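To start, the structure under review is shown below, and the notes come after it.
The numbers here are math on the coordinates, done by the rules we state, and not lab data. Every value quoted in this text rests on a predicted model; they were computed, and no experiment measured them. For neighbour counting, all protein chains shown are included, and Cβ atoms are generated from backbone atoms with ideal geometry for every residue, glycine included.
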Amino acid sequence: MNWTANLMIAITLLLVFIVVAIVISTKSYLRSNRIITPFNTVFAGLFVATFVLMIPVYNAICSGAQLQSLKTILFAIQGTFQVFTIDADSTLISRT
């Protein structure tokens, strides 16, 4: 897959999660659930979209390795968590 395909998939997934959040916020019987809130739904969509955008990066890094698909998925999950946390590599931030 190339970057544009992953970008389109990520945008589509994010829009689907936003629509689901709007539906949750408008339906009174869905608002009673404390776990599935509109904010949590949009945040989950943002997380999934970021994960999809990380896949080509780590696919290029892991090319030629044994178990390339598994390593790509695990590294993409780790990279996505690093995007949303402050404990990402501080040396990478200081070099820019």
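Numbers for the structure displayed
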| read-out | value |
| --- | --- |
| Distance (nanometres) between label positions extended 7 Å along Cα→Cβ at Ile9 and Phe43 | 2.5 nm |
| Segment Val83-Ile35, length gained on full extension (0.36 nm per residue, minus Cα span) | 15.0 nm |
| FRET efficiency for Ile18 and Leu74, using Cβ-Cβ distance with R0 set to 22 Å, rounded to 0.05 | 0.20 |
| Potential lengthening between Gln66 and Thr26 on full extension [0.36 nm per residue; Cα-Cα distance subtracted] | 9.6 nm |
| Kirkwood Rh (inverse of mean 1/r, distinct Cα pairs), segment 3-95, angstrom | 14.9 Å |
